[in-house]
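Novice: If you scroll down you'll find the structure; I have some questions about it.
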Amino acid sequence: MEKTEKKDIDWGNLGFSYMQTEKRYVANYKDGAWDDGMLTDEATITMSECACVLQYAQTVFEGLKAYTTKDGRIVTFRPDLNAERLEASAKRLEMPVFPKEKFIEAVEQVVRANAAYVPPYGSGATLYLRPFLFGINSVIGVKPAEEYQFRVFATPVGPYFKGGAKPITIRVSDLDRAAPHGTGNIKAGLNYAMSLHTLMDAHRQGYDENMFLDPATHTKVEETGGANFLFVTKDGKIVTPKSDSILPSITRRSLVYVAQHYLNLEVQEREVLFDEVKDFAECGLCGTAAVISPVGKIVNHGEEICFPSGMEQMGETIQKLYDTLTGIQMGRIEAPAGWIHEIK
Ligand code: PLP
Ligand code: COI
C-alpha cells in the first residue's frame, strides 16, 4: 500500500470513542441476495420508523483493529475469525450470512480508504473497525426482516479503559447480561443493551466494569460486558472460563495459543467457580478493545478480592502475554501462519 499523509490527530491521547472517518463500506440485501457493496461517504443511515432493527433489535456486529507494524505495513488480526463469528451471530438471529471473502474485502477497502487514520507505529493507538449487520425493512408482527444492510466503519481509538495498563476494579453484578440457552455466545446488540443498566450502576458506585456470573446458578465466572477473563494461578498456570453463554473471544483464543506455544504455560479452559477467584495470583480482561486489561480488585457485595499483582501494574504473567500478543500484532514477533492479514 502506498504511504499516506496521516491526519493531524493527537494519537497518544485518544480514548475509546467514535470519530467519523472518511469512507465506510455498505452492502444491501434484498430479494434474497446481497448487492455488490461499495464505499460511501454517507455516515448516516435513513430507514423506516418500523425497521426491524429499531423495533426488535435485529442487529449483530464485530470488532477488530488495523495496526501499523514496526516495518510500516498496515495489518489486521485474524479477520477470518470475525467473519466466521458474524456468520454464527447472523444465523442465531435469522439473518442472511454476509460471505467471508466479501467481509474480508470490505475490511480491506475500509482500511485502505482511511489509511490516513491508521495510527502510526508506537503511538499506542489503533484503527478500530466495526462491521455490523441489521434488519432494515418495516416489520411490525414479530418476525425477521427481509432486507438487511451490512456496514463497516473505522474509527481511531486508544485504550478501552482510562489509564491504559493500570489495573481496574470491577464488581460482581446481580443482573445478568445473557440467559441460560440465550444469546450470550453471539455478538448481538441486544446483549449490550442488557448490560447498560448494571454498567451505569457499577460506574455510579465507582467500579470500572461488572463481572457477570453464569445466569443459571450465579456460582461460576462468565465474562464482563465486553471482554473474557483470564486468570493466572499462583503456580503460573492460565485458567479461563468455559461456558456456552460467553462470547468466544478471538483475543482469548489467541492468548491461549500464545501461552501454550510461545510461553510454554499450561492452560486450563474450564468452568471457574467464583469461590476459586480469591486464590488466583493475577486477573485480566481480554478482547479486541480491552487487549489485556489487568484487574486489581474484584468486589462482591462489599467483600474485596485483591490480587497479589496489586493496583499499580500488570502482573508478571499477564504482562508477558500482553507483550507477546501485541508483539505479534505489531510485527515485532513472528506470528503463527494466517494470523496477520496485510492490507496491500
Ligand atoms: N466478550 C464480549 C461480551 C465482547 O463484547 C468482546 C468483544 O468483542 C469480547 C468478549 C472479546 O472478543 P474479541 O477478543 O473477539 O474481541
Ligand atoms: C471489542 O472488543 O471489539 C468489542 O466489541 C467490545 C465492545 C464492548 C467495545
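We did not get these values from a lab; they are worked out from the coordinates using the rules stated. Quick caveat: nothing in here was measured; it's all calculated off a predicted structure. Don't worry about glycine lacking a Cβ; one is built from the backbone with ideal geometry, like all the others, and counts go over all protein chains shown.
Novice: Please find, in a Gaussian network model of the chain (springs between Cα atoms separated by less than 10 Å), the residue of 15, 225, 184 whose mean-square fluctuation is greatest.
Specialist: Judging by the Gaussian network model, the answer is 15.
Novice: Which whole-number value in Å³ per residue fits the convex hull of the alpha carbons of the chain?
Specialist: So the per-residue hull volume is 135 Å³.
Novice: Pull out a ≥ b ≥ c, the square roots of the eigenvalues of the alpha-carbon gyration tensor of the stretch 153-207, then state rounded if a/c is under 1.5, prolate if not and a/b is larger than b/c, and oblate in the remaining case.
Specialist: Note, shape of the stretch 153-207 comes out oblate.
Novice: Something else: Apply the Karplus parameterisation 6.51 cos²θ - 1.76 cosθ + 1.60, with θ equal to phi minus 60°, to every residue of the stretch 21-33 and state each ³J(HN,Hα) to the nearest whole Hz, in sequence, with x for glycine and proline.
Specialist: 10, 6, 10, 9, 9, 9, 9, 10, 10, 8, 6, x, 8
Novice: Using the Cα centre as the reference, give the magnitude of the dipole from point charges on the C-beta atoms of the chain (Lys, Arg: +1; Asp, Glu: -1; all else neutral), rounded to the nearest 20 debye.
Specialist: Here the size comes out at about 440 debye.
Novice: Subtracting the Cα-Cα distance from 0.36 nm times the residue separation, let me have the gained length for residue 326 to residue 235 in nm, one decimal.
Specialist: 30.3 nm
Novice: Over the chain, what is the relative contact order in whole percent, taking alpha-carbon pairs under 8 Å and six or more residues apart?
Specialist: 20
Novice: So between residue 257 and residue 344, what do we pick up on full extension, going 0.36 nm a residue minus the alpha carbon distance?
Specialist: 28.6 nm
Novice: What helices does the chain have that are whole DSSP H segments, at least 18 Å long along their own axis by Cα, and with mean Kyte-Doolittle hydropathy of -1.0 or more?
Specialist: Flagged H segments are 100-113, 189-204, 316-329.
Novice: What's the extension gain from residue 91 to residue 273 if we count 0.36 nm per residue and subtract their Cα-Cα distance?
Specialist: 62.4 nm
Novice: A further question on this structure: About the Cα centre of the stretch 11-159, what is the dipole size in debye to 20, counting +1 per Lys and Arg Cβ and -1 per Asp and Glu Cβ, all else neutral?
Specialist: 540
Novice: On to the next question. Report the calculated FRET efficiency for residue 116 and residue 16 (r = Cβ-Cβ distance, R0 = 25 Å), to the nearest 0.05.
Specialist: 0.80
Novice: Long-range amide H contacts for residue 65: which residues qualify at under 5 Å (H placed 1.01 Å from N, peptide plane, sequence gap of 5 or more or a different chain)?
Specialist: 77, 129
Novice: What residue among 315, 135, 124 shows peak mean-square fluctuation when the chain is described by a Gaussian network model with Cα springs under 10 Å?
Specialist: Per the Cα network of the chain with a 10 Å cutoff, 124 tops the list.
Novice: Still on this structure: Expressed as a whole number of Å, what is the distance separating the alpha-carbon centroids of the stretch 252-275 and the stretch 158-202?
Specialist: First find each Cα centre; the distance between them is then 22 Å.
Novice: Shifting gears a bit: Using the structure shown, list the pairs from 187/237; 3/23; 234/278; 166/297; 6/166 with a Cα-Cα distance above 20 Å, or answer none.
Specialist: 187/237; 6/166
Novice: Here is a follow-up. Among 247, 39, 196, which one moves the most in a GNM of the chain with springs linking Cα atoms closer than 10 Å?
Specialist: Of 247, 39, 196, the most mobile in the Gaussian network model is 196.
Novice: Something else about it: What FRET efficiency do you get for residue 9 and residue 100 if R0 is 56 Å and r is their Cβ-Cβ distance, rounded to the nearest 0.05?
Specialist: Efficiency at R0 = 56 Å is approximately 0.95.
Novice: Oh, and also: Please sort by residue number the GluC sites (Glu not before Pro) in the stretch 25-92 whose DSSP state is loop and whose Cβ has at most 16 other Cβ atoms within 10 Å.
Specialist: Passing sites in the stretch 25-92 are 42, 49.
Novice: Here is a follow-up. I need the fraction of alpha carbon pairs in the stretch 11-159 separated by more than 28 Å, rounded to a whole percent.
Specialist: That tail contains 21 percent of the Cα-Cα pairs.
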